[in-house]
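Okay, structure first, notes after.
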Amino acid sequence: MQISKRCPSCTKTFVIEVPDNEFEAWQGGVLIQNAMPSVPADVREQLVSGIDSKCWDEMFSEAE
């Protein structure tokens, strides 16, 4: 299954591919980390929040 997500930070649209059965489990109420074990954590976060990993790192990295 392909899911389009627009990052609220950079406004880029990303197409994320996940297994159909895992997506359906998540939509059925299973916690995303349990429903989608084959999907990397940063991609699961993007599915939940919309924020892509690059923007996430920029937003939450410590200032130097």
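The values are calculated or read from the model by the stated rules, or taken from the named source; none is laboratory data. Everything numeric in this text was worked out from a predicted model, so none of it was measured. For neighbour counting, all protein chains shown are included, and Cβ atoms are generated from backbone atoms with ideal geometry for every residue, glycine included.
Considering only the range 24-40, I want to know if a residue exists there that is without any contact (Cβ under 8 Å) to a residue 24 or more places away in the chain, closer than 19 Å to residue 57 by Cα and among the hydrophobic types (A, V, I, L, M, F, W, C). So far as the range 24-40 goes, yes, one or more of its residues are without any contact (Cβ under 8 Å) to a residue 24 or more places away in the chain, closer than 19 Å to residue 57 by Cα and among the hydrophobic types (A, V, I, L, M, F, W, C). Consider the range 1-52 and keep the residues that are touching a Pro at 6+ places or on another chain (Cβ under 9 Å) and assigned to a helix (DSSP H, G or I). The one that is modelled with the lowest pLDDT is 49.
Of all the residues in the range 2-32, those that are surrounded by 13 or more Cβ atoms within 10 Å (Cβ to Cβ) and polar (S, T, N, Q) number 1. In this structure, is residue 48 closer than 14 Å to residue 1 by Cβ and of a type in the set (Val, Ile, Thr)? So residue 48 fails the test.
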